[in-house]
Amino acid sequence: MHIDTIASPDLAWQEEALCAQTGGDFFFPEPGSSVREAKRICGLCPIRAACLDYAMTNDMRFGVWGGLSEKERLDLRRTSRC
Ligand code: SF4
């Protein structure tokens, strides 16, 4: 799971991350590969909102976070500025 890449004591919410149980490969696919499986797992994750908030707050550029792809997060960032 890509949450492994974050090391901070204030991120206890990550202990509930479903992707921690599945491995990170789905969440950082090769360019052009499907993110469907990652998004499906995110859809079942109890901390999806916190994960997306973390990714948006910390400008996480790569991978699927909180059920959104890189492009979807970029689009969300652009629309939230309006
Ligand atoms: S929402 Fe998705 S990326 Fe975020 S912690 Fe849950 S499974 Fe992992």
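Every number in this text was worked out from the coordinates using simple rules, so none of it is lab data. Please read all numbers here as calculations on a predicted model, not as lab measurements. Here the Cβ is made from the backbone with ideal geometry for all residues, glycine too, and neighbour counts use every protein chain on show.
Observations on the model:
- Cα gyration tensor, the range 2-81 - rounded (a/c under 1.5), prolate or oblate: oblate
- Legend: calculated FRET efficiency, Arg61 to Ser34, from the Cβ-Cβ distance at R0 = 30 Å, rounded to 0.05, equals 0.95.
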